[in-house]
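Structure, as structure tokens:
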Amino acid sequence: MRFILAILFIASLTLTSCKNTASPIATDTIVKQKPSGYQGQQPSPIVPTVNKPVQKQWKGIWSFNDNTTFFTNDFDGARLNGVADDGNDHYTIWITAENTPINVSPWYAFKVWTENPRKITIKLSYQDSRSRYYPKISADGIHFKTIDSIAYKPINPGEGDFGIKAAPEFVELTLEIKNEPIWVTAQELYTSKRVKSWVDSLSVKPFVSNYEIGKTTEERSMQLMEIKGNSTAKKALMIISRQHPPEVTGFIAMKSFIETLAGESEQAKKFRESHTIFAVPLMNPDGVDNGHWRHNMGGIDLNRDWQNFNQPETKSVRDFLTKKGSEGYEFVFGADFHSTWDDIYYPLDTTVTGQKGKIVFDWIESISDRLPQKKSNVKASDKLDPTMVSRTYFYVKHKMPAIVFELGDDTPRPFLKEKGKVAAEELMRLLDSD
Ligand SMILES: [Zn+2]
């Protein structure tokens, strides 16, 4: 039995201001990457990280056209807050954030199908945000492709030349819908279940294991993956990703990075003789499964909580690192994978880390030498206090050279995988030649 309900959200839509003053620009500039234009974000302001209220989504099925056309958000990772039938097979979708203020990363994911195959147009509109993510579609929720450019129409293009200011205010998608649902999503869907099945698939190797290091507010498991080829290997790496739910491209690069470290190459086997790798591939499972734009169920940006540790996700990693430190592990490298407008590295400056931190810069240089087709900017930070973000905490508390490794939202997926692999190979080379 399906619970069928239609909700019209026309009133809410009027909350979005319609600015029609932008001068038109060529549509292909909306999604085109600037090869090295992204100069990075400003240092993060200090923000409190005690719990704030979060708005849960109403979950269910929207039904239109005499119960023949359906939309749903009733699956993990979905985000769809309202649908309006505008007539003539045109629908407007409303996407809101879990709470505000929030970073402009408007995640969306829903399914649509019909009993009478037809062509429909869907307008995506957002709470206080322009349209950041170029839509992906899938027939099975596993394999995604970007929507064909002729089915994608930006509305009210941005006036800026980069980032959210260059993004259109709305977009319209034209879809051929059929009996079988199609998924429409901001990025590929990697829910906690899918990440766990990847972790389990790697854990069939005798030197890979995984275990829980804590629980989230909604009782999801904080999964730690341990890659350990030798019980006496006390040099350690700490790798994390997905503090921010929509940052799937960072996750894809991290996945390839971990697979390379856990691979069967002679280099990887030798590396594991002396190094143990710890990884938390999904730092924010509540946020991911609830389709959040940025925060966890405490309504907090986890990557501002590495000073005060008010949130269960950051606490679990803090306590894990403390435990491993007391067991005699020496952390020699840390990385936190994210996504943003373009590939960029945020290391700590050697003016504060000295000789110890130099390996991070040698590593960036050797990755760039091997991947000359896409140059990434480097923006080093010389602030160690407050720790607040994971990278700084990793260095200050555990003396590990560490980096925020950012991949572009639209960086081609084969390149993400190649970059993750090359990054792992160059890191093993540098750490083994120490
Ligand atoms: Zn991020």
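The values are calculated or read from the model by the stated rules, or taken from the named source; none is laboratory data. Computed from a predicted model, the values in this text were never measured in an experiment. Cβ atoms come from the backbone with ideal geometry, glycine included; neighbour counts cover every protein chain shown. Ligands, DNA and RNA are stripped out before the accessible areas are found, and what is left, the full protein with its side chains, is counted by its heavy atoms. Shrake-Rupley method; radii C 1.70, N 1.55, O 1.52, S 1.80 Å.
Side notes on the structure shown:
- Degrees, to the nearest 10: 248-261 long Cα axis against longest axis of the chain: 30 degrees
- DSSP bridge analysis restricted to the chain gives an antiparallel fraction near 60%, rounded to the nearest 5.
- Projecting the Cα positions of Met225, Gly158, Leu430 onto the charge dipole of the chain (unit charges on Cβ atoms of Lys, Arg, Asp and Glu, taken about the Cα centre) puts Leu430 furthest along the positive direction.
- Full-extension gain in nm, Val204 to Lys269, via 0.36 nm per residue minus C-alpha separation: 21.8 nm
- Both radii come from the Cα set of the stretch 218-327: Rg as radius of gyration, Rh as Kirkwood radius; their ratio Rg/Rh reads 1.01.
- Calculated on the alpha-carbon coordinates, the convex hull of the stretch 199-240 measures out at 84 cubic angstrom per residue.
- In the full protein context, the chain carries 42 Å² of accessible surface per residue, based on a 1.4 Å probe and ignoring ligands, DNA and RNA.
- The heavy atoms of Met222 present about 0 square angstrom of accessible area, all protein chains included, probe 1.4 Å.
- A Förster radius of 51 Å combined with the Cβ-Cβ distance from His90 to Asp369 puts the calculated FRET efficiency at roughly 0.50.
- Spin-label zone in the stretch 281-302 - amide nitrogen under 15 Å from a point set 7 Å from the Cα of Glu218 along the C-beta vector: 283-300
- The chain - charge dipole about Cα centre, Lys and Arg +1 at Cβ, Asp and Glu -1, debye rounded to 20: 560 debye
- Cα point-scatterer Debye curve for the stretch 150-245, base-10 log of I(q)/I(0) at q = 0.10, 0.23, 0.24 Å⁻¹: -0.55, -1.26, -1.32
- Counting DSSP beta bridges with both ends in the stretch 192-432, the antiparallel % (nearest 5): 40 percent
- Here the accessible area is traced with a 1.4 Å probe on the protein chains. For the chain, carbon and sulfur cover 53 percent of it.
- FRET efficiency estimate (nearest 0.05) - Cβ-Cβ, Asp140 to Asn230, R0 35 angstrom: 0.30
- Over the stretch 273-362, the ratio between the Cα radius of gyration and 2.2 N^0.38 Å evaluates to 1.26.
- Among the listed pairs Lys119/Lys165; Lys111/Lys374; Lys193/Lys323; Lys324/Lys379; Lys215/Lys255; Lys52/Lys165, those beyond 25 Å (Cα-Cα): Lys119/Lys165; Lys111/Lys374; Lys193/Lys323; Lys324/Lys379; Lys52/Lys165
- Unit charges on C-beta of K, R, D, E only; dipole of the stretch 192-432, Debye: 400 debye
- Between Lys59 and Ile46, full extension at 0.36 nm per residue minus the direct alpha carbon distance yields a gain of 1.3 nm.
- Cα-only Debye scattering, the chain: base-10 log of I(q)/I(0) at q = 0.08, 0.12, 0.14 Å⁻¹: -0.46, -1.00, -1.31
- For the stretch 192-432, the pair-distance distribution built from all alpha carbon pairs, in bins 5 Å wide starting at 0, is 1, 7, 15, 20, 22, 19, 12, 4, 1 percent.
- Karplus-derived 3J(HN,Hα) values for the stretch 340-351, using 6.51 cos²θ - 1.76 cosθ + 1.60 with θ = phi - 60°, are 8, 5, 7, 4, 7, 10, 10, x, 9, 5, 5, 5 Hz; glycine and proline are entered as x.
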